[in-house]
Amino acid sequence: MVCRFVTGTQETRIPVAVLTGFLGSGKTTLLGHLGRAGELGRTLVLVNEFGEVGLDHHLLTPIAEDTLVAINSGCICCTIRADLAQTLAAAPSRYARGGECWFDRVVIETTGIADPAPVLQTILGDAAVSRRYVLAGVATTVDAVNGLEAITSHPEALKQVAVADRIILTKTDLAARAKIDELLSRIRETAPSAPVSPVVNGAAKMEYLFSGGSYTLQGKSADVEAWLLAERQSAEEAGHHHHDRNRHGRIQASCLVFEDPVDPAVFEACLQSLLLFRGADLLRVKGIINVAGMDKPMVVHGVQHVFHPPEILPRWPGSDHRTRIVLIARDLDHAQLRECFAGMGLEVSSSPV
């Protein structure tokens, strides 16, 4: 089965938009806003997360379950790149409704640590994918508070900005004007042709992802073409087979699961301890918490030294009511993390799945 839609009398391929951006820059918040606004009709959403257990797809409750597909167990730019190609190639039949393909477009949300070049080259260069899909564009979220540091310190963040057709500047309400201006200057150097659209609380427009054209290298730096060429050559040298490759060096993810409801004061003290001793290396914290005495889940988000106010969800997004928290950090010591919580009486489950 091939999913088709028609412009006039000419059959076209399915447009794919890639939504990328560094850890904590607001990709999930943006998708949640589009879901609540009803902008994701006839859109298949593929969400990838870094680490063995993902949470983002559980937090996107405005998006219908059969519209949202989680690609877990690794990062799509390295360990499960083949999974992305296979998922896209099989999607029209695998996710059919009543035996019919229902979607006219696809949004891929990459993990925040993803190198975008192999993701784009998979869409552009994999024969099974490119027969059915066309890369419509790349939108990159950039955090106004931490974006400059991310671009300066992490090659992935720099690449995410450089490949973008549009920059979505988030958290502008939390950053000083001088800091925003400095960040904008760096963005213009890195992605001179990409328009910058400031948003607050994820209030983006669907046109930021799908502008009506297709992805082009025109106006982008020569580095972008070189990165895509290197990925194509790597695939050709490997005989078009995808191989696992760790692109993230010292950065790892750890998922901690707690079977019993947690005391909020004790849990907060554990997080504060982590921030105090490992804040600079603690790139991202995201968790869904079963708080003792509450019948609704609490969601926590943190980026390095900054924790955002907790959010109470109206209901649990599934049958699993355990506390789950994902931490992404440099030089992550899994045993040390477990000991930090255990030392305050919070025992980590041996089974995160």
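Restrict the check to the range 30-50 and report whether at least one residue is open to solvent by less than 30 Å² (accessible area, probe 1.4 Å), on the phi > 0 side of the Ramachandran plot and modelled with pLDDT under 90. No. Each residue in the range 153-173 was checked for being under 24 Å from Arg330 (Cβ atoms), open to solvent by 30 Å² or more (accessible area, probe 1.4 Å) and not basic (Lys, Arg), and 3 pass. When Asp320 is tested against (1) in a loop (DSSP other than H, G, I, E, B); (2) over 23 Å from the mean Cα position of the chain (by Cα), only condition (2) is not met.
Quick one: count up the residues across the range 244-293 that are outside any helix (DSSP H, G or I), open to solvent by 40 Å² or more (accessible area, probe 1.4 Å) and either within 16 Å of Phe341 (Cα to Cα) or at pLDDT 80 or above (or both).
Taking the range 244-293 as the starting set, the residues that turn out to be outside any helix (DSSP H, G or I) are 244-263, 279-293.
Cutting the leftovers down to open to solvent by 40 Å² or more (accessible area, probe 1.4 Å) gives us 244-247, 249-250, 252, 259-261, 263, 280-281, 292-293.
Of the ones still in play, those that are also either within 16 Å of Phe341 (Cα to Cα) or at pLDDT 80 or above (or both) are 259-261, 263, 292-293.
Here the count works out to 6.
Taking the criterion of being in contact with a strand residue (DSSP E or B) (Cβ under 9 Å, 6 or more places away or on another chain) and surrounded by fewer than 15 Cβ atoms within 10 Å (Cβ to Cβ), the residues of the range 294-307 that qualify are Met294, Lys296, His305.
Against the list (1) modelled with pLDDT under 95; (2) under 19 Å from Gly112 (Cβ atoms); (3) aliphatic (A, V, I, L, M), the condition Ile167 fails is (1).
Scoring Asp115 on the criteria (1) farther than 26 Å from Gly41 by Cβ; (2) open to solvent by 30 Å² or more (accessible area, probe 1.4 Å) leaves a single failure, condition (2).
Any residue at all in the range 330-337 that's under 16 Å from Gln252 (Cβ atoms), open to solvent by 30 Å² or more (accessible area, probe 1.4 Å) and polar (S, T, N, Q)? Among the residues of the range 330-337, at least one is under 16 Å from Gln252 (Cβ atoms), open to solvent by 30 Å² or more (accessible area, probe 1.4 Å) and polar (S, T, N, Q), which makes the answer yes.
Summed over the range 203-229, the residues that are over 18 Å from Gln160 (Cα atoms), assigned to a helix (DSSP H, G or I) and open to solvent by 80 Å² or more (accessible area, probe 1.4 Å) give a count of 1. Leu55 falls short on exactly one of the conditions (1) at pLDDT 65 or above; (2) within 23 Å of Val306 (Cβ to Cβ); (3) touching an Asp or Glu at 6+ places or on another chain (Cβ under 9 Å), and that condition is (1).
The values are calculated or read from the model by the stated rules, or taken from the named source; none is laboratory data. From a predicted model like this one, the values you see are computed outputs, not experimental measurements. In this analysis, Cβ positions are derived from the backbone assuming ideal geometry, glycine residues included, and neighbour counts consider all displayed protein chains. These area figures cover heavy atoms from the full protein model, side chains too; ligands, DNA and RNA do not enter into them. Shrake-Rupley method; radii C 1.70, N 1.55, O 1.52, S 1.80 Å.
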